[in-house]
Each structure stands twice: as structure tokens, then as C-alpha cells.
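Take a look at the structure set out below.
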Amino acid sequence: QVQLVESGGGLVQAGGSLNLSCAASGSFFRIATMGWYRQAPGKQRELVATITGGQHTNYADSVKGRFTVSRDNAKNTVFLQMNSLKPEDTAVYYCNRDIAGVVIWGQGTQVTVSS
């Protein structure tokens, strides 16, 4: 059974940084598109960033220039480096794995940015 486990969330002051990790079990990690999403209280889940098996990346406009998504295929892990954090970045952050439209989600990790 494939599992995704996020870690690295926490409480940080505005302007600070956090690095989220998502470790994936199972096979075919190298060909998977991995994504980071977030959901703030009372809001819909939204895309933060994605990275394909070919290392192509895509970012939400709200995080461009501040967040960087990367992956280590040898460790089946995807990362989200978050810099210059803002209070509006506060949310539960989820990673997901998409292989040919079959999507699996992690359980999420809380990120709280204080002003």
C-alpha cells in the first residue's frame, strides 16, 4: 500500500523559513508527478507547487519566488522549501502523488506563520 508521510511543519514568525518533506513508499516514484497543496481554515484546498518526474516545476502565483519544490528520487522524497513566509501561508500542507491520474494524498502537516 502506497503511503505519503509529510513532515517539517510548525510555527514560525513572518519572514522565516520552513522545509517540508514528503516521503513516499511504494514503486514508480521516479515517474510520479508530486504536488504540494494547502488548505486554510474555511477555504478550499489549493495548489502550491508540483514537480514532474522530469523535474519540471509549477508554482501558484502567490508563492513564486518564495517557495521551491524539489525531489530526491533515490530517497523517494519530495521537498518544499518555504522562505519569506507570510501569515497568509498558514494552512495544512498536503503532498500528493499522481501517476496516470491515480492520486494519493498524505495526511498533511500544519504550518502556522505568526505576524
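The values are calculated or read from the model by the stated rules, or taken from the named source; none is laboratory data. Here the structure is a predicted model, which means the values were calculated and not measured. Using ideal geometry, Cβ is built from the backbone for each residue, glycine included, and neighbour counts are taken over all protein chains shown. Surface accessibility is based on the protein's heavy atoms, side chains included, excluding ligands, DNA and RNA. Shrake-Rupley method; radii C 1.70, N 1.55, O 1.52, S 1.80 Å.
Put simply, of Thr112, Thr50 the only residue that is in a strand (DSSP E or B) and closer than 21 Å to Ser27 by Cβ is Thr50. Within the stretch 62-80, identify whether any single residue is farther than 17 Å from Gly106 by Cβ, among the hydrophobic types (A, V, I, L, M, F, W, C), touching a residue at least 60 places away in the same chain (Cβ under 8 Å) and assigned to a loop (DSSP other than H, G, I, E, B), and answer yes or no. Taking every residue of the stretch 62-80 in turn, none turns out to be farther than 17 Å from Gly106 by Cβ, among the hydrophobic types (A, V, I, L, M, F, W, C), touching a residue at least 60 places away in the same chain (Cβ under 8 Å) and assigned to a loop (DSSP other than H, G, I, E, B).
Scanning the stretch 95-109 for residues that are part of a strand (DSSP E or B) and open to solvent by less than 70 Å² (accessible area, probe 1.4 Å) yields Cys95, Asn96, Arg97, Asp98, Ile99, Val103, Ile104, Thr109. Could you please let me know if Val92 is crowded, with 18+ Cβ neighbours inside 10 Å and either within 21 Å of Ala14 (Cα to Cα) or out of contact with any Leu (no Cβ under 7 Å at 6 or more places or on another chain) (or both)? The answer is yes for Val92. Of the residues making up the stretch 1-58, those that are farther than 25 Å from Ala74 by Cα, surrounded by fewer than 19 Cβ atoms within 10 Å (Cβ to Cβ) and basic (Lys, Arg) are Lys43, Arg45. Tell me, please, whether a residue that is on the phi > 0 side of the Ramachandran plot, assigned to a strand (DSSP E or B) and of a type outside the set (D, E, K, R) can be found in the stretch 8-22. Looking through the stretch 8-22, at least one residue is on the phi > 0 side of the Ramachandran plot, assigned to a strand (DSSP E or B) and of a type outside the set (D, E, K, R).
Test Asp61 against the stated conditions and say whether it is within 14 Å of the chain's Cα centre (by Cα) and on the phi < 0 side of the Ramachandran plot. So Asp61 fails the test. Trp36 meets all of the listed conditions (1) within 12 Å of the chain's Cα centre (by Cα); (2) assigned to a helix (DSSP H, G or I) but one, namely (2).
Could you run through the stretch 1-46 and say how many residues are touching a Phe, Trp or Tyr at 6+ places or on another chain (Cβ under 8 Å) and of a type in the set (Phe, Trp, Tyr)? Show your work before the answer.
Going through the stretch 1-46, the residues touching a Phe, Trp or Tyr at 6+ places or on another chain (Cβ under 8 Å) turn out to be 4, 6, 9, 19-22, 36-39, 45-46.
Adding the requirement that they be of a type in the set (Phe, Trp, Tyr) leaves 36-37.
Residues flagged as touching a Phe, Trp or Tyr at 6+ places or on another chain (Cβ under 8 Å) and of a type in the set (Phe, Trp, Tyr) within the stretch 1-46 amount to 2.
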